[in-house]
Each structure stands twice: as structure tokens, then as C-alpha cells.
Amino acid sequence: MPASAPAGWIGAVTEPGVAPQVGQEQLSLPGLARAEARRAKPPSKKPPVQPAAVDPVAQVLVDVPLAHLDRPFDYLVPDTLADDAVPGARVKVRFAGQDVDGFVLARAAESAHPGRLMPLRRVVSPEPVLTAEIAALTGEIAARWAGTRSDVLRLAVPPRHATTERKPSPNPPGLPPADLTRWAPYDGGAALLDALDAGGSPRAVWSCLPGDDWALLLAEAAVATARSGRGALLCVPDHRDVTRLDEALTALVGGGHHVVLTAEAGPAKRYAAFLAVERGAARIVIGTRAAAFALLREIGLVAVWDDGDDLYAEPRAPYCHTRDVLLLRSRQTGCAAIVAGHARSAEAQYLLRTGWAREVVGPRDTVRTRVAVSVSGATDFDLQRDPMARSSRLPQEAHQAIAAGLRSGPVLVQTPRAGYATRLACDRCRTPAACAVCVGPLRITSSGAVPSCAWCGTDAPGWTCPECGGHGLRAPVLGDRRTAEELGRAFPGTPVRTSSGDRVLPRVGAAPAIVVATPGAEPVADGGYATVALLDTWLLLARSDLRADEEAVRRWSNAAALVRPVPDGGRVVVVGDPGAAGVQALVRWDPGGYAERLIAERLSAHLPPASRLATLTASPAVLEEVEAALGLPPAAEVLGPVPLPHEGTDRAGDDDLARLVLRVPRAEGPALSAALADLQRGRSARKQPHVRVEVDPIRLG
DNA sequence: GTGCGAGTATGA
DNA sequence: CATACTCGCACC
């Protein structure tokens, strides 16, 4: 093979070009010319690179952020690196005159590149960290979200940690027998588990019943998959959920069968877990969104818990979503998929609508044995007549329900975050108080202090309501600590615990106690809560977000699901407007029905998942130019551009940004993504200013 | 991103 | 006519 290597491949491509130049330059400095020329020579004495005997061409994906360079480049594999430059290996190559990192995508016998090939400089590590499956997956993700593979690879492959790599990973122990029976109450539950166990690839949207331990059920699904000799990948929103799942798996089959993959673990631990999976040391992988790319050897199942949680939206380019990453993986490998939650997202519902997945739910009769939701509070109509009606945060019915619950166990009280709570409003008409200088929200940072603007800091000692002329201000919600104090007074002698923000309790005991928690920070109670009370529900609904309702229902459902079953529990009391759609959805406890309603709304509003939507953010001038240049599919709608309001914390007067919204019917989604990727490639090749592209952004703030 | 070649402006 | 500079593009 070396003999048949194309002529001109033999290394040292630099000196023919460099030497004459050096010579010419030196003519103006005659004294130095010869000495310099001699010094310039030695590098050229490097022996010519001997190409590898077999497959001397490496197709390398270089790590450069430019969209138009997002394709493989061919390099010559020197004989010395022939064994290490395996597909998937990290390498260093010379690219455009500088050393860059890259991955070997494949080896080949010859190159289609007409020019000379540069040799690989170094194999950083022969560990095949970019498998064919993940290479294909990153390609699809880049295409779907109109980003570059190098961006996706940064998410998919953790930074190397050499010390960790030298340590061998253990071999997986045999799976002990385990009782996998918790799915039996669900329609289609037993069938799902049997299929996984038998090596099948079922696809399900699963609505977990209140009172069930979702972590144990998902652990069972993973164990069933592992028993069939395949890998299982379970993603959860945050670290607390990882711990819960970790404990569930350990309880079911002991340690050693699963690996935890999270970004928060630190570089060494993260890379160790990543390698352990790649080397086949464990079949079950659990983790947060960083785990979605785990290199499972033979993937049998992907699952995502509570896919509506916005922690699944990747904050870095290309802003992909864990649920969609996992679904792409399932489509690509043909493996099983479970999209799970107490509430159901519109996206999950869409999988049922198209017939791609089957519904796995508890029968209505079973739901009634788990939870009974009642509403207590003023309707919006009542509030219009008498704004003060809201001042009773804890109506009589709610008070009674909490008291009744406390007779038999812990009571969970969910109250919206303190972050929302500090914005002041008129105490007569509820108009939010805005700063006279910059229209930012007014806040009180310590009790008794003068209200001031959260954005510009201006004090507002004598505020007057622009709507009703009132002068009184109040915090519309008191925050969890004040709630705890209030409840402590209302139920003297009862222990009150709080869980929120940076002080999150993972679990509480079965003894009677009031547990005040912010949404998402609710501790799990041993045996479940006797009663769950949801306070100030109007506040979650009042967010301006498009998904405010869906998000509120999700958060309430997650809290309500922690209640123990009906005979001695099941009571969930909602303080809020009984007429609100979200509140009604909770009362009916019909995740499918509510999700169907969401879909109908999205269809008529042309929003995802019924449409594919993209936002482009740049200066107005750039957007104008982009709009003209875009080759959009025929049915595309173009909205805007509209100027983007400055972020609260941004210094005012920064470059003014605007946003363009594009959307197409779902079927034309790939065409839209392709048009946007084309746009980015063209712009990066022409060095035009950056345009931020987000496909199906989680919110349209 | 960077380096290079083509093309153009500029000065002797 | 030679040199200096900018622009555009390719990068294996």
C-alpha cells in the first residue's frame, strides 16, 4: 500500500512554499541571509511521513465553530499512528495553519480531495469516544436545530481526563433477579415491561399515577431492558431526581449495574462515568440532560421523566431539548422509548396522535382511589367585585383540609417562589408597581425599607398607582418563609419545615408536620402526604409565558402526586380560581385530556408541536438582510422583526437587538431547519455578523 | 478564526 | 513598473 499511495502525499508540504519566500526576504538583509537560511532548513530535514499500510486516510471532524466548516476533512494517517487513529478517537490536526482538536469519523483507503493531505499531528487518545451512533446522532441534532456538529459534540463528549482514562473500568456484575410488578395497575403497563424484557422495542407515553413512585417504575423498566442484554438510558430534570432514581435502582438490584452521568459531578467523575458506559461496565445510565448522549453499547431503551421541565432545554447552542434528543435516538436506533410524567406535555401527546407511541395510563377507577382534588377560592369575577377577596390566602376549606391532614401525617403546602413574591403591586387594584425611571419592577429588599427598582435601583418613596391613584403597596405573595410563619401561627404546636431554593429537603418523615415548599422543591414524604395544599395558584398562571398554563399544571401535578392514596389521604386542595382552565385540568386529573386541549390550542395558534418555529436574533439591519436572503418553504410565515426589550440586568443602551419569528407546518419542519442551516453556513463563510438561531425555543419571552 | 492569492490602489 | 494594501475565500 505505501507504494500505491498517491504521489505528492509524502509529507513536508510546507518547505517548497516557504523556502523561496525566506530567501527573497533575506536578500534585503544580506548578512543574515545565509545563517537564517541554514537555520530554516533543519525542520525540512524531518523524514517524510510514512502513510499507514491500511486505510491511510482519516476523515476528521475538526473542532471549529464555523458552520461552513462543519464537514469531514481528510488527513493522512502516518504509519506510527495507524493503530491509534481509530474511528471515534480524538486527534490533533493542523487546520488553516493552526493546531485544532478533532475526531476521527472514519478511516478510508483513499481520499476524494484533489490536493495534498496533511498528516495527523497526534492521536490525543485512542479511546473511541465518538461512536458511529453518536456521530450520526450529533449530525441529526445539528441539522434539526440548525447548529453545528462541533457545538453538539461539546455537549455529547465530555472533556478528556487523562488520569481517569488510564484506570480500567470494572466489568458489570450479573443482574440479580428482581420483582418487576409495579406496572401492573396501568393499562398496557405489564405489556410494556414484558416487551422490554423480551428484547422488544415498545414506545410509550406514560402518565404516572399520583402516589406511585415514578423512580421505582422507571427503574423496573431499565432493569427489564438490561435483562434482555441491552442498555437503558433514563434522563431526569435535576440532581434531586437523579438521587431518587439512583436509590430506586439500588433498592431494586443493588449497586454496580447503573452509572450516574451528570455535568455537575466535575470533570474527573463525569469522564469516569462516561468511559465506564463506553467500555460496557454498566448497562443502565441515569442522569440529567448531559446523559442523553451516553455511549451505550447496544441501546434498548431511552426514557425521559417529566419532559415538560424547562431544565431539559439546553442553554447553549444549538439549544436542543433532551426529550427530542432521546426521541431522535430512538428513531435512529429503533430502540424503545418512554416519555413519562405526572402531567403530559403537548409534545408527548403528539406522539400518541401520530401513533408513534402507545398510551400507558391508570384506569379512571384507579385514579379515583389515588387523588381527590378540590378547589377553594375566589373566582376572577369575585375579585373584580372585591379585590380584597384575595387577601384570604388560606380560605376556610383549605384551613380545614390542612387540619384534617395533620391528624394523620405530613401536609405539603406549595407556594410560589420567593422570586415572584417580591414584586410589589397596588394594594387596591393589583396593578404591578413599576419604576418611574425605567419601568422595572419595584421591590422591597428588607422589611421596612423604601421600595426600589430591581433594574436601575432608583428608590420610589412616594408611589402612586397609575390605574387607580392608590398609594398603598403590597407584596402580592409573601414567599415561603412568611407562609411558614403564618401557618405556624395558624396551627400552633405543629412543626413547620420549609424546602426551597438552595435549601431543598429531599424527604420528610411520616409524622404530622407542615412542609412548605416552592414548586419543584417538594420533598418526598415517607408513605406520602396526608394532604397537599396548593396556594396562590393564580400567580403561576399569571406569568406572561405562552406555556404558563401547561407549566402551572405540571408543577401542581407533581406536588399533588406526592399525596398518599385515598383511604387515608388523597386530599389535594387548590386555592385559586375554579374557573381557570389549568385548575380544572388538575381537578379532573386527566393528563391526556388536558394535553389534547393544549394540542388544539397549538394547532390554531401555529405553535409547536403543531408547527416548527424558529427565532432569529440579531440587529434589525442584519435581520432585514437575512429575511431577503432566506430560501423559506412555501408555507412559511414570517413574523416581525420586533425590537427585543432589554433584559432586566443588561446595561441599557447596548446594541439594539430584534427578533424574527419564522414558522412552518410541522411537515415542512426539516425544510425550515435546512434553510436556516444553509443561512448559517453562508453567513459564516462570508464572515457576516452572527445571527442567533433557535429552533422550537422553549419560551417566546 | 488565519493565511494566502488575486486584484487594486498608490507612489517612484 | 514595483510595492502596499484590501478583499475574499479556502481551510484536507
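It is to be established whether one or more residues within the stretch A:53-65 are free of Cβ contacts under 8 Å to residues at least 12 places away in the same chain and surrounded by fewer than 16 Cβ atoms within 10 Å (Cβ to Cβ).
no
So how many residues does the stretch A:105-135 have that are away from DNA strand C (no atom under 13 Å from the Cβ) and not small (Gly, Ala, Ser)?
Count: 12.
Testing residue A:359 on (1) at negative phi; (2) out of contact with any Lys or Arg (no Cβ under 9 Å at 6 or more places or on another chain); (3) surrounded by fewer than 21 Cβ atoms within 10 Å (Cβ to Cβ); (4) assigned to a loop (DSSP other than H, G, I, E, B), one condition comes back false. Which one is that?
Against the list (1) at negative phi; (2) out of contact with any Lys or Arg (no Cβ under 9 Å at 6 or more places or on another chain); (3) surrounded by fewer than 21 Cβ atoms within 10 Å (Cβ to Cβ); (4) assigned to a loop (DSSP other than H, G, I, E, B), residue A:359 comes up short only on (4).
For residues that are in contact (Cβ under 8 Å) with a residue 60 or more places away in the chain and among the hydrophobic types (A, V, I, L, M, F, W, C), scanning just the stretch A:664-677, find the one that is farthest from DNA strand C (Cβ to nearest atom).
Top of the filtered list is A:672.
Going through the stretch A:67-104 one residue at a time, which ones are crowded, with 16+ Cβ neighbours inside 10 Å and in contact with a Ser or Thr (Cβ under 6 Å, 6 or more places away or on another chain)?
A:67, A:70, A:74, A:88, A:90
Do we find that residue A:213 is within 16 Å of residue A:232 (Cα to Cα) and of a type in the set (D, E, K, R) in this structure?
In short, no.
Could you please give the count of residues in the stretch A:227-248 that are aliphatic (A, V, I, L, M), surrounded by fewer than 24 Cβ atoms within 10 Å (Cβ to Cβ) and farther than 11 Å from residue A:287 by Cα?
Counting residues in the stretch A:227-248 that are aliphatic (A, V, I, L, M), surrounded by fewer than 24 Cβ atoms within 10 Å (Cβ to Cβ) and farther than 11 Å from residue A:287 by Cα gives 1.
Return yes when residue A:597 is under 27 Å from the mean Cα position of the chain (by Cα), modelled with pLDDT of 90 or more and of a type in the set (Lys, Arg) and no when it is not.
Considered against the rule, which asks whether it is under 27 Å from the mean Cα position of the chain (by Cα), modelled with pLDDT of 90 or more and of a type in the set (Lys, Arg), residue A:597 comes out as yes.
Output the residues belonging to the stretch A:182-218 that are basic (Lys, Arg) and outside any strand (DSSP E or B).
The answer is A:182, and nothing else.
Quick one: residue A:220 ticks every box in (1) touching a helix residue (DSSP H, G or I) at 6+ places or on another chain (Cβ under 7 Å); (2) buried (at least 22 other Cβ atoms within 10 Å of the Cβ); (3) under 30 Å from residue A:160 (Cα atoms) except a single one, so which number is it?
Here residue A:220 clears every test but (3).
With respect to residue A:495, is the statement that it is modelled with pLDDT of 75 or more, surrounded by fewer than 18 Cβ atoms within 10 Å (Cβ to Cβ) and closer than 24 Å to residue A:396 by Cβ true?
yes
Are any residues in the stretch A:290-310 among the charged types (D, E, K, R) and at pLDDT below 95, and if so, which ones?
A:297, A:298, A:310
Being within 16 Å of DNA strand C (Cβ to nearest atom) and in a loop (DSSP other than H, G, I, E, B) is the filter here; which residues of the stretch A:678-697 pass it?
Residues satisfying the conditions are A:686, A:687, A:688, A:689, A:690.
Between a residue in the stretch A:269-291 that is in a helix (DSSP H, G or I) and any residue that is buried (at least 22 other Cβ atoms within 10 Å of the Cβ) and among the polar types (S, T, N, Q), which pairs come within a Cβ distance under 6 Å, given they are 6 or more apart or on different chains?
A:289/A:322
Taking residue A:403 as meeting all but one of (1) of a type outside the set (S, T, N, Q); (2) in contact with a strand residue (DSSP E or B) (Cβ under 7 Å, 6 or more places away or on another chain); (3) at pLDDT 90 or above, write down the number of the exception.
All conditions pass for residue A:403, except number (2).
Give me a count of the residues in the stretch A:538-561 that are buried (at least 24 other Cβ atoms within 10 Å of the Cβ) and in contact with a Phe, Trp or Tyr (Cβ under 7 Å, 6 or more places away or on another chain).
Residues that pass the stated criteria total 1.
Does at least one position in the stretch A:454-476 carry a residue that is over 23 Å from residue A:541 (Cα atoms), in contact with a Phe, Trp or Tyr (Cβ under 8 Å, 6 or more places away or on another chain), surrounded by 13 or more Cβ atoms within 10 Å (Cβ to Cβ) and modelled with pLDDT of 75 or more?
No, there is no match, as no residue in the stretch A:454-476 is over 23 Å from residue A:541 (Cα atoms), in contact with a Phe, Trp or Tyr (Cβ under 8 Å, 6 or more places away or on another chain), surrounded by 13 or more Cβ atoms within 10 Å (Cβ to Cβ) and modelled with pLDDT of 75 or more.
Just the residues that are farther than 17 Å from residue A:681 by Cβ, touching a residue at least 40 places away in the same chain (Cβ under 8 Å) and not small (Gly, Ala, Ser), please, taken from the stretch A:612-636.
A:612, A:613, A:615, A:617, A:623, A:633
Contact list please: Cβ distance under 6 Å, first residue in the stretch A:94-117 and without any contact (Cβ under 8 Å) to a residue 24 or more places away in the chain, second residue surrounded by 11 or more Cβ atoms within 10 Å (Cβ to Cβ), pairs at least six apart or on different chains.
A:99/A:92
The values are calculated or read from the model by the stated rules, or taken from the named source; none is laboratory data. Quantities reported herein were computed from a predicted structural model and do not represent experimental measurements. Heads up, the Cβs are rebuilt from the backbone with ideal geometry, glycines too, and the neighbour counts pull from every protein chain shown.
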